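The next block holds one structure in the form of structure tokens; read it before the comments.
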Amino acid sequence: MAETLRATCQCCVVGGGPAGMMAGFLLARAGADVIVLEKHADFLRDFRGDTIHPSTLRIMQELGLLDEFLRLPHQKAYRIGVSIGDRTYAFGDFSGLPKPCNFIALMPQWDFLNFIACEAQKLPNFRLMMRTAGDQLIWEGERVVGVMATSPEGPVEIRADLVVAADGRGSTLRAVAHLAPEDYGAPMDVFWFKMPRKESDPDQSFGRMAPGRMIVMIDRGDYWQCGWVIPKGGADAIRARGLEAFRAALVDALPYLGDRAGLLDGWDKINLLTVQVNRLAKWSLPGLLCIGDAAHAMSPVGGVGVNLAVQDAVATANLLGAKLAAGTLQDSDVAAVQARREFPAKATQRIQLAIQNRVVTSALDPSKPFEPPLALRALDAVPFLRQIPARVMGIGLRPEHVAPYIRERA
């Protein structure tokens, strides 16, 4: 049996997604001694969101990293819309937001996470442990004092003043802490797959709707990342009809993919994303804080999940970083993160649920024609109004700014 490895730090972050990597980076930049655990060997995940919204771009700007960040391959979306029938309706215009962060950057999330990890590892008080899964909490009475993890070298015991659970919507630490989120339901799941992209393809970024069909298309340069929205729990029935029927439906909805649909020659190339919308009533316990999807799983509507997670991370660093570094952190300080971030998470979910229930449910009903909602027609008709959804999606309802002392510290 392998000997247990031991480590200590002021903060142990479990999960290397947007919330975890950004929180670890900013807490370390604030002066705290940080260890981040990521259970995989890399950041390559098909299900990870690829939209970097203006709020996150602004965080990169405040850290002095925006120019370098934007040297990574990406596409810029200044405006977004949805195609219904033969017409495209514009509903969001980001170009009016403050420059130079007035667009959505379409970038594979693994590039974003690799960038943050590389910047964080320049700091002597930051450690990233890949292939290391935090799977148990260490308790002293009713207080969390660390994490037990599994690594290729064997078990690891990490003692920490604070454990941050950023391990996603299926959070292991949340479960072992007996924190159960309230589920708000979702009428859909998503089949996620790739298709080669040609320069002659029409610009379909961000969506196409038809009776019984809703498709999201994300431009990744040389290929499309496609999200085929399906009724909740409907995956098995679609698979039972066979690949040929699925490819035929794809070509019927997007005829220009007809010469490539045959590349979907196995269900292993079509992954299922199970959509969840839920939220914890209580994000923290003594010594433990949940952020990102571990605290509030967002619907894919609007593609804002990554950016809510990053905002959680910024608030966590702003509120806790200096006190962690000084060894003066109190439980009330940790609870202040939820007090700061619960409103934007709750309000954003309410907007998503309204869109799910009124628009997505209607679009997925093949028995009746899908008519563009009045709000969509108004946004398309009055260009000025498109700045409203752009601000809500792009900036958020309570945007965070990196605290000055963290900006200045390198």
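Tally the residues that are part of a strand (DSSP E or B) and either of a type in the set (Phe, Trp, Tyr) or touching a Gly at 6+ places or on another chain (Cβ under 9 Å) (or both), restricting the search to the stretch 166-193.
Step one: list which residues in the stretch 166-193 are part of a strand (DSSP E or B), which gives 182-183, 188-193.
Keeping just the survivors that are either of a type in the set (Phe, Trp, Tyr) or touching a Gly at 6+ places or on another chain (Cβ under 9 Å) (or both) gives 188-193.
Here the count works out to 6.
Looking at 313, 354, 326, which one is hydrophobic (A, V, I, L, M, F, W, C), closer than 21 Å to residue 144 by Cβ, surrounded by fewer than 18 Cβ atoms within 10 Å (Cβ to Cβ) and at pLDDT 85 or above?
Residue meeting the stated conditions: 326.
Which one is surrounded by the fewest Cβ atoms within 10 Å (Cβ to Cβ), of the residues in the stretch 367-395 that are modelled with pLDDT of 90 or more and touching a Pro at 6+ places or on another chain (Cβ under 8 Å)?
Top of the filtered list is 395.
Among the residues of the stretch 1-43, which ones are among the small types (Gly, Ala, Ser) and assigned to a strand (DSSP E or B)?
Selection gives 7 alone.
Could you list all residues from the stretch 316-332 that are assigned to a helix (DSSP H, G or I) and either hydroxyl-bearing (Ser, Thr, Tyr) or over 18 Å from residue 34 (Cα atoms) (or both)? So that I can check it myself, show each step before the final result.
First, pick out the residues of the stretch 316-332 that are assigned to a helix (DSSP H, G or I): 316-326, 331-332.
The answer is 316, 331, 332.
I want to confirm something. Restricting to the stretch 18-72 and keeping residues that are β-branched (Val, Ile, Thr) and within 16 Å of the chain's Cα centre (by Cα), which single residue is modelled with the lowest pLDDT? Give the steps one after another, and end with the answer.
First pass over the stretch 18-72, keeping only residues β-branched (Val, Ile, Thr): 34-36, 51-52, 56, 59.
Still in the list and also within 16 Å of the chain's Cα centre (by Cα): 51-52, 56, 59.
Values: 51: 85, 52: 92, 56: 97, 59: 97.
By that ranking, first place goes to 51.
The values are calculated or read from the model by the stated rules, or taken from the named source; none is laboratory data. Predicted, not measured: the structure shown is a model, and the values here were computed from it. FYI the Cβ positions are ideal-geometry reconstructions off the backbone, even for glycines, and counts take in every protein chain you see.
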